[in-house]
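Report on the following structure.
Read the figures in this text as sums done on the coordinates, not as results from a lab. This structure is a prediction, so every number in the text was calculated from the model and none was measured. Every residue, glycine as well, gets a Cβ built from its backbone with ideal geometry; the counts of neighbours run over all protein chains shown.
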Amino acid sequence: MALINTGYLEYEELESIQTLPSDERYAEGPVAIIECVQEIPCNPCEAACHFGAIKIGEPITKLPTLIGEKCVGCGMCVARCPGLAIVVVDKTFTDTTATVAFPFEYYPTPVVGEERNAMNRKGEIVCKGKIVKVVNPASYDHTPVVTVEIPKEFADEVRTVERI
Amino acid sequence: MLEKDVLVIGAGPAGLAASIEAGKYGASVLLVDLNMQPGGQLFKQIHKFFGSSAHRSGTRGYDIGKQLLKEAEESDVEIWMQSTVIGIFPGNKIAIEKGLDSGEKEMVTMQAKKIIIATGASENAIRFKGWTTPGVMGAGAAQTMINVNHVKPGQKIVMLGTGNVGLIVSYQLMQAGCDVVSLIEAAPKIGGYAVHAAKIRRAGVPIRLQHTIIEAKKGADGCVCGCVIAQVDEHFQPIPGTEETIACDTIALAAGLKPTMDLVKLAGCKLTFNGPFGGYIPLHNERMETSCEGVFVAGDTTGVEEANTALEEGKIAGISAAEDLGLLTADAASDKRAEIWDRLHSLRLGPFGERRMIEKEVVMDEYKERIGTPSPIQ
Amino acid sequence: MSAELTDDMIVCRCEEVTVGEIKEAIREGARDIVGVKRRTRAGMGLCQGRTCEKLVQQLLVQELGISPKEAGTSSARPPVRPVTFGELAKGEVL
């Protein structure tokens, strides 16, 4: 697995390990992408989803599976995953742009309207992004979920924004 | 002389869990710890924990600590902080240097029917030229500085080691506003969880595999001003000609932990050597009792793992102590232990855990063979 | 582990014992952690070997070709942490 050699996942690799949403599902709107690919004893995402869209079962080392039809893209799992390994991607945001909602635990927390460099899994700057939403209720326990708008073609690549 | 049913040494997750359990069944419990605050490593663990819902997963370490302290209070556990056990003697007599509110210390001797040792682990040092230069420190020490004392150890950090400690502390150093320049790892692959590594990479920090630090550079101020790294061969030997210098003011070492064994040795518990668990550890049975009758162990002292397994082992030790005090029937105690062993089993599954599961069996099998029945402290 | 070891490198910080002194102790017959400790005081200082024991172990493994297990571990004696004579004198007799 490249991930344990380099620390980042190639999209193809992720695709081969995880159940990713189908193109049809992407066309319906926001959906969770679970980038959890190692069998570690962890299952809070399963309980975090009120729609039963994430399944782990027994034993808890099993990888989580996303049931695309059940996922509403609410982002509860994004804040809850201790590994910060879940994002919500909306490829229907506008005709030309998509959004990626990701956990962001650095200060300063991005603010709506702000422009920041959008980064990929390797920490490389991919494009400019515009912050369109920041959610940080008490139930997220200090893990703000930030949504960045980016050109649609980078939706599978962008996973965070630059720290400033 | 002060008398207690149970003395628990170490107020980390294992010691707190043991105290709570023993206290819950009616034992009088004294919990001592040499630090200022109880909680052990929990209060510096600002990240959300892995694990199952049964292990409060998704909760930050310090919140688990707060919850345990509340439960300890409810179980009437007496806690002495800044207090150090300096001797354990036959007849379960203990000498404690007790920290007083005035800041002074006082020697107290006491007798405990049962002793639970949960003294945790300490960080391994790594030697290279200049390793004693100010600015070289354990990753755990750097974590204490940022998360407990709210002081940055430096601005530009190089982290040696990519186990979970190296990865998590690197992330937290960035959260505290430090620049982590690079992570250095001698092995050909990242040691810790991939999701932790992914956070580091996403933030743009390089992870240099098959490299090691060969020198800490000392600046004019006498402190670290950089480090020399080099590529290593398959025997982890530096390859001449591959050296490069990285500017930094802090070198954090995450080179693993070893169980803190002094009190275990002092009690005379029989030891075994176990590489994966960090070196010499006390032999113990499935009740967490050592070769010494009435002396139990739990947590990293029994082999380095993590907070969740420490909590569960602590509970087992507390239950076993309560059972031996006659506060719990043998059947009830054994049922409760079985439940906990099931949970421990689930924590030790998967590629990261199964080795520990196997090694635990080895330790307990050796106990059966070499010890069988424990005997009093000599 | 892998870095070049010069004889002047400190191994036990509390007692300022160097690589050279530990190698000398091994040449004189020290075969384990306790043997090195008796000859050099490595591990007898404030931290009681919590930092250096592993480093002494590595030197023994490297110099003698023995296993970490064979290098053994130090023995512990009360008081395992430093206390003042004043405090000890005020305490009860066990």
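Quick look at the values:
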quantity: Sequence-separation-based contact order of chain B, relative, with Cα cut under 8 Å and 6+ spacing, percent; calculated: 18
quantity: Cα gyration tensor category, rounded, prolate or oblate, for the range B:1-85 with a/c compared to 1.5; calculated: oblate
quantity: Chain A shape via C-alpha gyration tensor axes, a/c threshold 1.5; calculated: rounded
quantity: Chain B: equivalent-ellipsoid semi-axes (sqrt of 5 x gyration tensor eigenvalues, Cα, Å); calculated: 38, 22, 20
quantity: Whole-Hz couplings from phi, Karplus 6.51/-1.76/1.60, listed for the range B:80-85; x for Gly and Pro; calculated: 10, 9, 6, 10, 10, 6
quantity: Other-chain or far-sequence residues with amide H under 5 Å of residue B:208's (modelled H); calculated: B:183, B:184, B:185
quantity: Under 14 Å from the Cα of residue B:217 - aspartates and glutamates, other chains or at least 8 residues apart; calculated: B:243, B:244, B:249
quantity: Tensor-based shape of the range B:257-352 (alpha-carbon gyration tensor, a/c under 1.5 rounded, otherwise prolate or oblate); calculated: oblate
quantity: Placed amide H near residue A:98: partners under 5 Å, 5+ positions off or other chain; calculated: A:150, A:152
quantity: Cα radius of gyration and Dmax for the range B:125-284 (Å); calculated: 16.7, 51
quantity: Table column - 3J(HN,Hα) (Hz), the range A:130-143, Karplus curve with 6.51, -1.76, 1.60, x for Gly and Pro; calculated: 10, 6, 10, 7, 9, 10, 8, x, 4, 5, 7, 6, 6, 10
quantity: Electrostatic dipole magnitude of the range B:167-244 [Cβ: Lys, Arg +1; Asp, Glu -1; Cα centre; debye, to 20]; calculated: 380
quantity: Acute angle (nearest 10 degrees) that the helix B:61-74 long axis makes with the longest principal axis of chain B, alpha-carbon atoms; calculated: 20
quantity: Equivalent ellipsoid, chain C (semi-axes from 5 times Cα gyration tensor eigenvalues, Å); calculated: 29, 14, 11
quantity: DSSP-defined beta bridges in the protein assembly as shown - what % are antiparallel, rounded to 5; calculated: 65
quantity: At 0.890 mPa s and 25 °C, Stokes diffusion of the range B:149-214 via Kirkwood alpha-carbon radius, µm² per second; calculated: 209
quantity: Built amide H within the under 5 Å cut-off of residue A:160, gap 5+; calculated: A:119
quantity: 3J(HN,Hα) from dihedral phi, the range B:267-277, Karplus parametrisation 6.51/-1.76/1.60, rounded to Hz, x for glycine, proline; calculated: 6, x, 5, 5, 10, 9, 9, 9, x, x, 8
quantity: Radius ratio Rg over Rh of the protein assembly as shown, counting only Cα atoms, Kirkwood formula for Rh; calculated: 0.99
quantity: Pairs beyond 25 Å (Cα-Cα), from A:91/A:133; B:218/B:258; B:24/B:336; B:48/B:70; B:105/C:37; C:54/C:90; calculated: B:218/B:258; B:105/C:37; C:54/C:90
quantity: Net dipole in debye of the protein assembly as shown [+1 Lys, Arg Cβ; -1 Asp, Glu Cβ; about Cα centre; nearest 20]; calculated: 840
quantity: For the range A:83-99 versus the range B:140-165, the gap between their alpha-carbon centres in whole angstrom; calculated: 33
quantity: For the range B:23-139, convex hull of alpha carbons as volume per residue, Å³; calculated: 176
